[in-house]
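Enquirer: Structure provided below as structure tokens; questions to follow.
What follows is calculated from the coordinates using simple rules that are stated; it is not laboratory data. Given the structure is predicted, the values throughout are model-derived calculations rather than measurements. With ideal geometry, Cβ positions are generated from the backbone for all residues, glycine too; neighbour counts draw on all protein chains shown.
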Amino acid sequence: MNIILLGPPGAGKGTQARILMEQRDMIQLSTGDMLREARSSGTEMGKVVADVMDSGALVTDEIVIGLIREKLEGDKKGGFIFDGFPRTLAQADALEGLLSDMGETLDAVIELRVRDEALVDRIVHRATCGNCGEVYHDKTKPIPADGKCSVCGGTEFKRRADDNEESLKTRLMEYYKKTSPLLGYYHAKKKLQRVDGLAEMHVVKAAIGAILDA
Ligand code: AMP
């Protein structure tokens with residue numbers, strides 16, 4: 001089963017992708033994570049995209065499609081969860097081509113709906129465990145008082161350079177201009193399903209589970 005999690009920054013795509021990986025042995029393909037990894041390992045491509053990412057703008061279709069193409073060549077396990085990809089119609093077309101070349105199909109596109117005001121709060125207070133990626137929030141789920149991740153015991157926590165109000169404005173504008181047209185595109189293909197991304201995490205998880213089991 002191959003699915004796309006679609007939604008604005010901070011909608012909870014990464015959190016839900018992690019749950020699906022654990023529960024259904026699926027593989028999370030997050031272009032954001034791949035780009036951040038390229039940056040921190042100092043590759044040429046990482047250097048090229050760093051400023052674009054910090055500004056909140058999208059990097060080129062060519063780069064992200066190349067990253068996804070590489071990952072699709074690996075193990076498929078229980079299927080792929082595309083998280084943060086596709087973000088443009090050109091990327092959506094490329095994905096369709098790549099999947100069809102592999103004899104695979106796209107089973108569902110799940111939109112996590114969250115209103116903008118909630119996104120700002122989620123993003124500017126977000127921190128993640130540097131080891132396992134568990135997501136924390138300064139107000140609703142603070143980093144444990146002993147300074148250890150509740151999942152893996154890791155002691156390093158990261159805040160993203162683009163998790164600030166200024167970048168978020170650009171990220172949201174990019175979402176509405178370039179990514180939100182995908183909602184109509186996948187609706188027309190009868191793939192789109194909607195979930196309330198503001199509900200409690202376990203409720204969102206159950207709603208996604210019900211869609212995938214249907
Ligand atoms: P994310 O972790 O998904 O929020 O992505 C962080 C940043 O990486 C975005 O703001 C973009 O600059 C870049 N990025 C991630 N995925 C894509 C994509 N599919 N297309 C273009 N840029 C992307």
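Enquirer: Peptides 37-47, 119-129: what's the order by average Cβ count within 10 Å, highest mean first? Write out the running numbers ahead of the final one.
Expert: Working: 37-47: 13.0, 119-129: 18.5.
My ranking of the peptides, most packed first, is 119-129, 37-47.
Enquirer: Moving to a separate point now. Students often forget the sequence filter, so: which lysines lie under 23 Å Cα-Cα from residue 77 once same-chain residues fewer than 8 apart are removed?
Expert: Cα-Cα hits under 23 Å: 13, 191, 205.
Enquirer: Next up: What fraction of the Cα pairs in the range 1-111, stated in percent, has a spacing above 17 angstrom? Could the numbers behind the result be given before it?
Expert: On the way: 3230 of 6105 pairs.
In whole percent, the share of Cα-Cα pairs in the range 1-111 beyond 17 Å is 53.
Enquirer: Turning to a different aspect of this structure: Starting from the exponent 0.38 and prefactor 2.2 Å, build the expected Rg for the range 43-93 from its residue count and divide its actual Cα Rg by it.
Expert: 1.26
Enquirer: Is the range 122-161 rounded, prolate or oblate when judged by the Cα gyration tensor, a ≥ b ≥ c being the square roots of its eigenvalues, rounded requiring a/c under 1.5 and prolate requiring a/b larger than b/c?
Expert: oblate
Enquirer: List the pair-distance distribution P(r) of the range 136-179, using every Cα-Cα distance, as the percent of pairs falling in each 5 Å bin from 0 up to the bin containing the longest distance, rounded to whole percents.
Expert: All Cα pairs, binned at 5 Å, distribute as 5, 17, 19, 17, 13, 12, 11, 5, 0 percent.
Enquirer: Give the dimensionless ratio obtained when the Cα radius of gyration of the chain is divided by 2.2 N^0.38 Å. Intermediate values should be presented prior to the final figure.
Expert: Working: Rg = 16.6 Å, N = 214, 2.2 N^0.38 = 16.9 Å.
Dividing the Cα radius of gyration by 2.2 N^0.38 Å gives 0.98.
Enquirer: For every helix of n ≥ 4 consecutive DSSP H residues, a contribution of -39,500 (n - 2.57) applies; sum these over the chain, divide by its total residues, and give [θ] at 222 nm rounded to the nearest 500 deg cm²/dmol.
Expert: Calculated at 222 nm, the ellipticity per residue is -14000 deg cm²/dmol.
Enquirer: I'd like the distance between the alpha-carbon centres of the range 171-191 and the range 55-134, rounded to an integer number of Å.
Expert: Comparing the Cα centres of the range 171-191 and the range 55-134, I get a distance of 13 Å.
Enquirer: Mark the label point 7 Å from the Cα of residue 189 along Cα→Cβ and return the residues of the range 44-65 whose backbone N is within less than 19 Å of it.
Expert: It comes to 61-65, nothing else.
Enquirer: Another question, then. Would you kindly work out the equivalent ellipsoid of the range 85-163 from its C-alpha gyration tensor and give its semi-axes, the square roots of five times the eigenvalues, largest first in whole Å?
Expert: 33, 17, 11
Enquirer: A further question follows. Quick one: in the range 96-214, what % of C-alpha pairs are over 25 Å apart? Write down the numbers at each step before the final one.
Expert: Details: 2929 of 7021 pairs.
Here the tail beyond 25 Å accounts for 42 percent of pairs.
Enquirer: Separate question: Would you please state the base-10 log of I(q)/I(0) at q = 0.32 1/Å for the range 1-55, with intensities from the Debye formula using one equal scatterer on every alpha carbon?
Expert: -1.19
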